[in-house]
1. Could you say whether any residue in the range 103-119 is of a type in the set (D, E, K, R) and assigned to a strand (DSSP E or B)?
2. Could you please find all residues in the range 247-270 being part of a helix (DSSP H, G or I), touching a helix residue (DSSP H, G or I) at 6+ places or on another chain (Cβ under 8 Å) and in contact (Cβ under 8 Å) with a residue 40 or more places away in the chain?
3. Within the range 119-133, is even one residue of a type in the set (Ser, Thr, Tyr), touching a residue at least 40 places away in the same chain (Cβ under 8 Å) and farther than 21 Å from residue 223 by Cα?
4. Go over the candidates 279, 270 one by one and state the one that is crowded, with 18+ Cβ neighbours inside 10 Å, within 20 Å of the chain's Cα centre (by Cα), small (Gly, Ala, Ser) and outside the structural domain of residue 178 (by TED's automatic domain parsing).
5. Do any strands (runs of 3 or more DSSP E) lying entirely in the range 157-246 carry at least 3 residues that are within 18 Å of the chain's Cα centre (by Cα), and which ones are they?
6. Would you mind finding the one in 99, 16, 105 that is modelled with pLDDT of 95 or more and under 19 Å from the mean Cα position of the chain (by Cα)?
7. Applying the selection to the range 271-324, what residues are touching a Phe, Trp or Tyr at 6+ places or on another chain (Cβ under 6 Å) and assigned to a strand (DSSP E or B)?
8. In the range 36-65, what residues are touching a Phe, Trp or Tyr at 6+ places or on another chain (Cβ under 9 Å) and at pLDDT 95 or above?
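The values are calculated or read from the model by the stated rules, or taken from the named source; none is laboratory data. Computed from a predicted model, the values in this text were never measured in an experiment. Cβ sites come from the backbone with ideal geometry, for glycine too, and all protein chains shown count toward neighbours.
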Amino acid sequence: MTRAIRIHAIGGPEALCWDEVTTGAPGPGEALLRHTAVGVNYIDTYHRSGLYAVALPATLGMEAAGVVEAVGEGVTEVTVGQRVAYAGGPIGAYAEARLIPAHRLVPLPPEISDDQAAAIMLKGMTAQYLLRQTHVVQPGETILIHAAAGGVGLIACQWAKHLGATVIGTVGSDEKAAPARAHGCDHVIVYTREDFVARVKEITAGRGVRVVYDSVGKATWDGSLDCLQPRGLMVSYGNASGAVPPFSPLVLSAKGSLYLTRPTLMTYTAGRDELLATAADLFDVVRAGVVTPLISATYPLRAAAQAHRDLEARRTTGSLLLLP
């Protein structure tokens, strides 16, 4: 038997239960992984609340690091005793141990600690596809990154600055402005007391930005579109303030022939070659010191509910970890 955080019904943080579960032996193509560190991500709250549907009961979590304890028939991707990490589906990271398809596991280089891996796999690979694939950031471009002090935001701002972009970041409080500046933002806008559209237009001399990376959703949607220059790209990749309501595509033409995409990490890392290449790019910038992960808080695994409360109350910056 092992312990896991599960939900038996959708709801608030109080829906998270500390359960005994049975993992069993790995089947063909599976690995048994003993977790050493588990990442907390905003998408976990979407699964808990029912915004993204999951079959119940469900063990939450999409990101973790650990050690392979056993492998099933036909597994060639990893070996027993190997340090590995993963991000993306299937969910089930909030557990002391779990079974997982071996092809989703990424071997960890010795320079990347387990805590670092659990803090960067989902958030860092998200930053990678946003900056290097969805829109390839070029030197001299000006870009806007919402939630710049969040887990993805702090990584993306550092990486984008390294790529030569001028980075405008929004944060929700003055306390979060300092870490955003320290992690790559050239300009920080506290959107709770500043008009971020007006500030972006001021910073860019009225031109707007080439691309907006928006994980906030409903609260920033209209303003984000107004920050774009003609033929700019709106990258909507999260719903922290709620889902974006339905809108007419004519809005995009009226605001300057804008482009819109709603990408996911799971799509960008669906194939093993894509997964390994994305992770390798991330590991390279971490080892080079281009990206320095910020782990702002750690919690015992059984205290996952408190981690969710802190995350949803916007009391956190960077990455949160659960420690089994």
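1. Checked the range 103-119: no residue is of a type in the set (D, E, K, R) and assigned to a strand (DSSP E or B).
2. Hits for the range 247-270 are 265, 268.
3. Looking for residues that are of a type in the set (Ser, Thr, Tyr), touching a residue at least 40 places away in the same chain (Cβ under 8 Å) and farther than 21 Å from residue 223 by Cα, one finds at least one in the range 119-133, hence yes.
4. The conditions single out 279.
5. By residue number, 166-171, 209-214, 228-236.
6. Just a single option satisfies the conditions, and that option is 105.
7. 322, the sole residue that qualifies.
8. Answer for the range 36-65, where residues must be touching a Phe, Trp or Tyr at 6+ places or on another chain (Cβ under 9 Å) and at pLDDT 95 or above: 38, 40, 44, 59, 60, 61, 62, 63, 64, 65.
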